[in-house]
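Written out below as structure tokens is the structure these notes cover.
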Amino acid sequence: MFELIVALFILMAAMATMVQLLAVTARQRRIIQQRQMALSEVANQAERISLLPWSETSPDKLTDWKLADSSRVVLAHATPTIAIREEMEPVRGRRIRLLVRLPNAAGQEVDLADLTVWKFASGGEP
């Protein structure tokens, strides 16, 4: 009887460890999927911006960025942002930062994807 109780205790400990391992694995897979989706969104937006003419990349025109419908399922609480900074040296250009953030379990904002796109004025105007 004692051996049976010890065997059950060992089996229960192994099962509890296995359940915790499966939970950690599932959480890591979800984080990886979220990062992949965020990177895909940032890359797609960067490509769209690179195709825009210079006049369409000004801070007052390039303000809104919405995630694709397919990404909103995986990134339900993510916030995509665009930050544009004018640069004058050595040539006139715009530094466009694309960022996707998501709150973690503790409520802290975590950067899933961050990419900077440079757009230069035509002809290298100073």
Need pairs with beta-carbon distance below 6 Å; first residue free of Cβ contacts under 8 Å to residues at least 12 places away in the same chain and of a type in the set (Val, Ile, Thr) and within segment 48-67, second surrounded by 12 or more Cβ atoms within 10 Å (Cβ to Cβ) and not in a loop (DSSP other than H, G, I, E, B); sequence gap 6+ or separate chains. none
Tell me, please, whether a residue that is farther than 28 Å from residue 33 by Cα and out of contact with any Leu (no Cβ under 8 Å at 6 or more places or on another chain) can be found in segment 61-69. yes
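Residue-wise test of (1) in contact (Cβ under 8 Å) with a residue 60 or more places away in the chain; (2) of a type outside the set (D, E, K, R); (3) under 28 Å from residue 31 (Cβ atoms).
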position	(1), (2), (3)
78	no, yes, yes
82	no, yes, yes
86	no, no, no
91	no, yes, no
102	yes, yes, yes
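No lab work stands behind these numbers, since they all come straight from the coordinates. Source: prediction; values computed, not measured. Don't worry about glycine lacking a Cβ; one is built from the backbone with ideal geometry, like all the others, and counts go over all protein chains shown.
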